[in-house]
Structures are given as C-alpha cells and as structure tokens.
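One structure follows; several queries about it will come next.
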Amino acid sequence: MRLSKLHLNTLREVPAEAEIPSHIWLLRSGMIRKLVSGVYGFMPMGFRSVRKIEEIVRQEMDAKGAQEIHMSAIQPAELWMESGRWYVMGPEMWRLKDRHEREFCLGPTHEEVFTDIVRTEVSSYRQLPLNLYQIQTKYRDEARPRFGLMRSREFVMKDAYSFDRDPAGLDESYADMYEAYERVFERCGLTFRAVEADSGAMGGNASHEFTALADVGESEIAYCDACDMAATTERAAMQGTAPGNEAELPLETVSTPGTKSIEEVAAYLRIPKEKTIKALLLTVYDEEGRPAEYVAAFVRGDRELNMTKLINFLGVPEHRVGFADEQAMGAETGSVGGFTGPIGIRNCKIIVDSELPGMKNMCAGACKPDHHMIHVNYGRDYTAELIADLKKVREGDPCPVCGAPVKLARGIEVGQVFKLGTKYSESMGAYYKDENMQDHPVVMGSYGIGVTRTLAAVAEQHHDEKGLIWPVSVAPYHVIVTLVKHDDPVQKALAEKIYAALLDGGAEALLDDRAERPGVKFNDADLLGIPIRITVGKNAAADRVEYKLRREGGFTEKNTADAVADAIRLIRAEIRGMVKG
Ligand code: ATP
Ligand code: MG
C-alpha cells in the first residue's frame, strides 16, 4: 500500500476522552474512530489488525477441531426466558421490540442460541463431542463504557461452545480451549496469566480468566510465587483465622461521639482497626425492583468487602443488590448509619466474614447513635445466619493453598473459559441418547475471547512515547519503506524496487511516497508502530539504506538486498515461530 493513497487520519492532539495509552495511541494513529460513547469503528489500519487477531484465533480454534459458524446478533427473548437469564442480565442487556411488540435482545453472549442449535440438531451420542464457535459482534450496554475498545458497548468477541457426553468429556474440551487460548495470546505478543475466576452470570462451576498484565487493567489478580495459586481477587479464597486465645472481657457500651468511620472510632478508642468490626448494609430487590430483604454484612474494620463473594452467597443477580437506604433500613432493622453492629440489629440477614468468629474482644457499632460496644465476642454476644469468606484478598495475605504471602497484580481480562455443566442443557432441554437409548443432558462449556479488547491490550503492552510498537503478528503492515525525498529520482527508484521486492517476498509492506518532510514520515511510521522501517535516503545511489526495528533504538546501514532479505527473514521467523508445526 502506498501512503499517498492510504486513507489515514492521524491526530496531533490527545483526544479529550482518552485516558490510557492504548486508547490514546489507537485514536491518534487513526486506527479506530469513535461514533458515540462506547461505540467504535475501525479504519483501514485498525481493521487490518483486528483481522490479524481474528485469524490467529481462527487458526487456533480450528487446530482444536472447533467449527466456525456465524449466528445473528438479534436474539428472541423467549430463548432467554427458557434459560432464566432474561431477568438475570439486567440493564446491561440491550433489549428491543419489533413492530409487533415482540421482545428481542442484541446478544451479549450466545449460550442460549448455541444450546438451541444443539437441542434441535443433535440427538445421538454419535454426534458428540462438538465444539462450535463464531467471531461476531456483541452488545452490552455497559454502565461505564471507557478506555475505548477496552470496555465498549459494541465489540467483537470470539465465542465457542463445547458439547460433550459427560463431565470427563467436558474436562478434555476445556483443556483444549485453555491450550488454544494460551497459544492465541502468546501469538498476539501478550504477557498474560491464566487465573481461576468467578463464573458470574454465566453459571457453572469452574472458570479461568486470561489476564493481560497492565497497570490500567480493571481486573485484579492474586497469585502466589511459592505454589501455583492464581485467581482473580474476586475469586481468591481466604483462610479463616484460628480462634484467638485472649480471655473474653465483659461487654461494654461506650460513648464514641461523631465517630462514623472505622478510622475515627479506632483513633477515638485508641485501638487498631483490626480490633473493629465494619458493617455493610445492603438491600436485595425483587424482580420488580422493590426492596425484598435487608442484609447486614460484617467484616473486620481493616478489610474490604468482596461484593462478588457476597452476591454469590446471597444467590441473587448482581443488579438486584445495592447499598441500603440508611433511613429506610434503620426503621425496619434498627441499624444506625455509622454505628451499626451485629448486636441489636433485627429483621435482616446477618452475614459474618469467616475471620470474625475467631477474633476476641472486638469493637462494633452499638446500633445507637454515637455509641459503640467493646469486647464483642462471637457466640457469646452475637451470631450470624451465615459465616462466609466475604473479604477481599490483600497483598501479603496468606495464600489459601500454601500459606505463603500472596501478591497482587492488575490486568485486562482478554478471555474467559467456563465449565457450564448442564445448566443450559437442562433448562432448555438439550438431551442426547446414549448407546442404550437413554437420555442425558449435554454437558457444556463456553469460551470467550474479546477480539477488539485484545487489540487494545496489545497496544497497552506495546507502545512508547512516540506511538505504537506492534508485534509482527498483529501489525497492520510488517514493514514501511520510507522515501526521504519523494522527488529525488534515484531515491524514488530504489524505494520502489525495495517495495516491490518486499511484496514479492510475501511481506505486507507500506511505501511512504508522500510529498511530506522526512520528519513527518518518521513520526508517522513510529506512531503507526510498523515493526520494520527501511529508509531510503541520501545513500541511495550507493544502494545503501537504513534498516530499523521499531522496538529498538538504533538503526543499521545495509545494502538493499540484505535489508529486504533480513526483513523477510524476521517476519517469517516471528510469524512461523508462532504457528504450530
Ligand atoms: P468484564 O468482567 O470485563 O465485564 P465479562 O467477564 O463480562 O467481562 P465475558 O462474558 O467473559 O466478559 O466475555 C468474554 C470476553 O469478551 C471477555 O473476556 C472480554 O475479553 C470481552 N469483553 C467483555 N465485555 C467487553 C466489553 N464491554 N468491551 C470489550 N470486550 C469485552
Ligand atoms: Mg469474563
């Protein structure tokens, strides 16, 4: 492609809405274009990179025997009612009606649609196992679309669904997909970790998330260097503490005027935050959005409540849980904003973090304005309906597997795999007959890769202060030939020759033949992040050019044949090294 012909609109200024490097550079390089909040289109360079990722995904899925199909984005509500998810999904689901008032959604995911295929088209064990996938546009009306492609409302996802006869079959399908995902993200040049994850609205009982490490990532993971524990912090289990051996002191109510926060009460009573109990007051809403139940959750004062864990214990969809209105809850349960404790609260579900029962002589709100209780002990002074691990893991907490201190890191969730089991096949009636004509529900898995989010994650991990630094595998073009003086016949002839030789050798090449100053051309090559640059300038008459890798600082001078051969060798090596076999 000649840059003189390429439709390219680079931006000089950082667009106001872009906060993180990947978003800034994808916009500035003109690869993506915003339409409205959370909705982006792909321009020529951007679309090439998207297709590169799609092709890598496709190759690795095909290598595992998965078969590509393409389903519609529009899905009828009835399917979601059958699985029971029409109401679980909440406002993130993009719902619409047709002219006859029939309800539909724009698919946020396709478990229902694929289960429907299998329940009508698969009836015998002979047709299993089966893995079907698609690379398709998904819609989620995210509460906070941000960071460009990272969290958008329309995005490209590869979603695959496996169908097996039994759990052992599912284990194999799951392991295959896990391997395929590792290969995909390696080939995309990502530094990532596969970690245990929560299965959220997807259901099922086992899941892993593939997290590309990045400080700006919205996923937080906990891992242990001493063993191979690695999980999202939402999921990471925590050890309970052994009962303390302090003698239990008599319960006392003390005046603590104006001490609404844990910090304030700890300072006022001169006790460590670890000796306090923090209350979190929540309302669970029914399907019509009316308050159905109050929940008081208690964790140690220095801890943070892990909402995902709590929601899992409550067993209700996320969008039906919210922080309680202090006044309304107080009237019903006796809670007092800032002074709520487990003693004296009533008419609500009390859930206590597993760390608390072992802790002696704690301080908690007295359910009375400006008062706390001290020497509060579980069993003697309060009990709970449920004791559960509700806290967020912190750096240095003991690893739930081996006890060594855990580490935390941030990252971008680029993919997730789920063992679904029979949740969808049972609710939607996807059964097969075995050798003895006995009916069994199909055992399912589902597997997603955010294709467009992966592009953003690659950009997030590969850039510098000048722009993007694409790995060869994802780069829109492999090499750019920069013609320094576009009207110098010797330079021009040599640049054309090199360009032709590159194309001939199978390289994807750009020729910067624009009537621009050299500085502009160099800046654009850096901004676009093309992995190899061959600069044809003043030494053209001697058949000498500059050969430069975007990811390295300096350049080397070569004759043209060597430059072309080196470029082609490097491209092949980086692409072949990544293709299996
Ligand atoms: P998140 O927790 O980030 O909202 P999710 O767990 O809801 O994501 P999945 O249902 O697992 O997402 O979807 C599969 C993949 O699709 C994710 O791993 C992610 O890469 C991608 N994805 C999900 N939501 C978005 C989004 N709003 N924008 C871009 N990609 C997304
Ligand atoms: Mg996910």
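Just to be sure, is Ala457 within 16 Å of ligand 1 (Cβ to nearest atom) and crowded, with 23+ Cβ neighbours inside 10 Å?
Spelling it out, Ala457 is indeed within 16 Å of ligand 1 (Cβ to nearest atom) and crowded, with 23+ Cβ neighbours inside 10 Å.
Taking Glu234, is it within 16 Å of ligand 2 (Cβ to nearest atom) and either open to solvent by less than 40 Å² (accessible area, probe 1.4 Å) or within 30 Å of Ser473 (Cβ to Cβ) (or both)?
So Glu234 fails the test.
Okay, next question. Quick check on segment 77-106: of everything there that is aliphatic (A, V, I, L, M) and under 13 Å from Met428 (Cβ atoms), which residue is surrounded by the fewest Cβ atoms within 10 Å (Cβ to Cβ)?
In this case the residue turns out to be Met81.
Tell me the residue from Gly46, Gly65 that is in a loop (DSSP other than H, G, I, E, B), in contact (Cβ under 8 Å) with a residue 24 or more places away in the chain and closer than 30 Å to Tyr447 by Cβ, please.
Gly65
Of the residues Asp504, Asp464, Asp543, Asp488, only one is acidic (Asp, Glu), touching a Ser or Thr at 6+ places or on another chain (Cβ under 9 Å) and at pLDDT 95 or above; which?
Answer to the selection: Asp543.
Only one residue in Arg572, Arg514, Arg551 is part of a loop (DSSP other than H, G, I, E, B), outside the structural domain of Ala180 (by TED's automatic domain parsing) and within 25 Å of Gln59 (Cβ to Cβ), so which one is that?
After ruling out the rest, the residue left standing is Arg551.
Out of (1) part of a strand (DSSP E or B); (2) touching a Leu at 6+ places or on another chain (Cβ under 8 Å), what's the single condition that is false for Ala364?
Ala364 satisfies all of (1) part of a strand (DSSP E or B); (2) touching a Leu at 6+ places or on another chain (Cβ under 8 Å) except (2).
Tell me which residues, restricted to segment 205-231, are open to solvent by less than 40 Å² (accessible area, probe 1.4 Å), within 16 Å of ligand 1 (Cβ to nearest atom) and assigned to a loop (DSSP other than H, G, I, E, B).
Within segment 205-231, Ala214, Gly217 qualify.
For residues that are under 19 Å from Leu132 (Cα atoms) and either part of a loop (DSSP other than H, G, I, E, B) or among the basic types (Lys, Arg) (or both), tally how many sit in segment 153-202.
Count: 4.
Contact list please: Cβ distance under 9 Å, first residue in segment 283-301 and over 15 Å from Gln327 (Cα atoms), second residue of a type in the set (Gly, Ala, Ser) and open to solvent by 40 Å² or more (accessible area, probe 1.4 Å), pairs at least six apart or on different chains.
From segment 283-301, the pairs are Val284/Ala292; Tyr285/Ala292; Asp286/Ala292.
Please give the number of the condition Trp25 fails out of (1) free of Cβ contacts under 8 Å to residues at least 40 places away in the same chain; (2) farther than 18 Å from Phe155 by Cβ; (3) in a helix (DSSP H, G or I); (4) not charged (D, E, K, R).
If we test Trp25 against (1) free of Cβ contacts under 8 Å to residues at least 40 places away in the same chain; (2) farther than 18 Å from Phe155 by Cβ; (3) in a helix (DSSP H, G or I); (4) not charged (D, E, K, R), just (1) comes out false.
Would you mind finding the one in Val417, Val442, Val451, Val401 that is at pLDDT 95 or above, more than 16 Å from ligand 2 (Cβ to nearest atom) and among the hydrophobic types (A, V, I, L, M, F, W, C)?
Testing whether each residue is at pLDDT 95 or above, more than 16 Å from ligand 2 (Cβ to nearest atom) and among the hydrophobic types (A, V, I, L, M, F, W, C) leaves just Val442.
Of all residues being in contact (Cβ under 8 Å) with a residue 60 or more places away in the chain and not hydroxyl-bearing (Ser, Thr, Tyr) in segment 533-560, which is most open to solvent (accessible area, probe 1.4 Å)? Just the residue, please.
Per the stated criteria, the residue is Arg551.
Can you tell me which residue is surrounded by the most Cβ atoms within 10 Å (Cβ to Cβ) among those in segment 151-184 that are among the polar types (S, T, N, Q) and more than 15 Å from the chain's Cα centre (by Cα)?
The selected residue is Ser162.
Among the residues of segment 406-430, write down those that are open to solvent by 30 Å² or more (accessible area, probe 1.4 Å) and either on the phi > 0 side of the Ramachandran plot or of a type outside the set (Lys, Arg) (or both).
Leu408, Glu413, Thr422, Glu426, Ser427, Gly429 - these are the residues of segment 406-430 that are open to solvent by 30 Å² or more (accessible area, probe 1.4 Å) and either on the phi > 0 side of the Ramachandran plot or of a type outside the set (Lys, Arg) (or both).
State all residues of segment 152-170 that are in contact (Cβ under 8 Å) with a residue 40 or more places away in the chain, more than 16 Å from ligand 2 (Cβ to nearest atom) and of a type outside the set (Lys, Arg); if no residue qualifies, say none.
Glu154, Ser162, Phe163, Asp164, Asp166, Pro167, Gly169, Leu170
If I filter segment 107-117 for residues that are more than 24 Å from Trp86 (Cβ to Cβ) and either modelled with pLDDT of 95 or more or crowded, with 21+ Cβ neighbours inside 10 Å (or both), do I get at least one hit?
No, segment 107-117 has no match at all.
Check off (1) assigned to a loop (DSSP other than H, G, I, E, B); (2) surrounded by fewer than 19 Cβ atoms within 10 Å (Cβ to Cβ); (3) out of contact with any helix residue (DSSP H, G or I) (no Cβ under 6 Å at 6 or more places or on another chain) for Met71 and give me the number that stays unchecked.
The number of the failed condition is (3).
Which of the residues belonging to segment 83-134 are part of a strand (DSSP E or B) and either closer than 23 Å to Glu60 by Cα or among the aromatic types (Phe, Trp, Tyr) (or both)?
Within segment 83-134, Trp94, Phe104, Leu130, Asn131, Leu132, Tyr133, Gln134 qualify.
So which of Val474, Val481 ends up being farther than 19 Å from Arg193 by Cβ, touching a Lys or Arg at 6+ places or on another chain (Cβ under 9 Å) and assigned to a loop (DSSP other than H, G, I, E, B)?
Val474
The values are calculated or read from the model by the stated rules, or taken from the named source; none is laboratory data. This is a predicted model, so every value here is computed, not measured. Counting neighbours? That spans all protein chains shown, and the Cβs are built from the backbone with ideal geometry, glycine included. Surface areas here come from the heavy atoms of the whole protein model, side chains and all, with no ligands, DNA or RNA. Shrake-Rupley method; radii C 1.70, N 1.55, O 1.52, S 1.80 Å.
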